[in-house]
Ligand code: ADE
Ligand code: ZN
């Protein structure tokens, strides 16, 4: 069949990935060595063996521990550069990269170190790889509104280096409303707005991400199917859902890929995209997500085209830039 090669070579955009989730175990150990950081796993193999998650929180605990090796600007650059080279190899022409500043600033790493390292990799990607990479700053929703506001304040000198803000980390118990004032300020600053909603949390969180936070895309959103009125609304608004199939299986949102609801979401007329979320932790980069999902759900070239087109259409790139891609 020619489908795998179509999926691998077709131009596409990635709209939902956390750069800290691209940190491969080998790079975690190399950076630990370089920075003199002590890890609580004896080897790359032992660390990888710990990647058996039961839910979102069990993953987040290991993901934040892995990020502890990131200290210097070069560390952030090297992590992002490895991911961006992968984008070029996989025909990802555009990527909108999440980063979690609080994970680093809470350990004493200056905001500037994080964003300058990531920016240097994004600029190199544009000139050396032909990959268009932008940054989206995420607030950790398990932390306070006050901490998010302080992070926004710290980011203002670097406002020109990121295109938008997002909301990630532990969803249940941390509804969108908690960040209403933070997102209102971001909107006033002209930032693009997205939020994780309906990954583990209920459909109500998707409604409130739209109504209260005024987001322009929903990250995950797979639980919307529990609320037919919400599905109607998402379809009518042409709202993007940045779905992450391998992530959803690793975090037990669905037991198997064959049980994933991506096809139902597409059939309901929703603007679905496929994304890798945290590729180093969930078993593959973007093309692996396409390959395994198409196999498990028996999708074909028509769906491939729709998903790739949605990814460019729902990116935050300019219309001129989009015209060059589609
Ligand atoms: N941070 C990194 N990956 C995440 C996910 N899938 N959900 C929430 N927060 C995250
Ligand atoms: Zn995510």
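What to note about this one:
- Scan the range 1-26 for residues that are free of Cβ contacts under 8 Å to residues at least 60 places away in the same chain and either assigned to a helix (DSSP H, G or I) or surrounded by 15 or more Cβ atoms within 10 Å (Cβ to Cβ) (or both) and the total you get is 2.
- Each residue in the range 95-116 was checked for being outside any loop (DSSP other than H, G, I, E, B) and either under 19 Å from residue 278 (Cβ atoms) or more than 19 Å from the chain's Cα centre (by Cα) (or both), and 15 of them qualify.
- Test for residue 126: is it assigned to a helix (DSSP H, G or I), surrounded by fewer than 17 Cβ atoms within 10 Å (Cβ to Cβ), at pLDDT 95 or above and in contact with a strand residue (DSSP E or B) (Cβ under 9 Å, 6 or more places away or on another chain): yes
- Summed over the range 169-183, residues that are within 16 Å of ligand 1 (Cβ to nearest atom) and crowded, with 22+ Cβ neighbours inside 10 Å total 3.
- Scanning the range 250-285 for residues that are touching a strand residue (DSSP E or B) at 6+ places or on another chain (Cβ under 7 Å) and either in a strand (DSSP E or B) or more than 15 Å from ligand 1 (Cβ to nearest atom) (or both) yields 262, 265, 266, 270, 271, 272, 273, 274, 277.
- Hey, residue 244 closer than 18 Å to residue 315 by Cα and either at pLDDT 95 or above or within 16 Å of ligand 1 (Cβ to nearest atom) (or both) or not: yes
- The lone criterion from (1) within 16 Å of ligand 2 (Cβ to nearest atom); (2) more than 14 Å from the chain's Cα centre (by Cα); (3) closer than 20 Å to residue 91 by Cβ left unmet by residue 307 is number (1).
- For the range 214-226, the tally of residues that are surrounded by 24 or more Cβ atoms within 10 Å (Cβ to Cβ) and under 24 Å from residue 190 (Cβ atoms) stands at 4.
- Within the range 205-220, residues that are away from ligand 1 (no atom under 16 Å from the Cβ) have Cβ atoms under 9 Å from residues that are part of a loop (DSSP other than H, G, I, E, B) in these pairs: 207/227; 208/175; 210/239; 212/175; 216/239; 216/314; 216/316, counting only partners at least 6 apart in sequence or on another chain.
- Residue count for the range 39-57, restricted to those that are surrounded by 15 or more Cβ atoms within 10 Å (Cβ to Cβ) and under 20 Å from the mean Cα position of the chain (by Cα): 4
- Members of the range 27-68 found to be assigned to a loop (DSSP other than H, G, I, E, B), over 22 Å from residue 252 (Cα atoms) and within 16 Å of ligand 2 (Cβ to nearest atom), listed by number: none
The values are calculated or read from the model by the stated rules, or taken from the named source; none is laboratory data. Fair warning: this is a prediction, and the values are worked out from it, not measured in the lab. Virtual Cβ from ideal backbone geometry, glycine too; neighbours counted across all protein chains shown.
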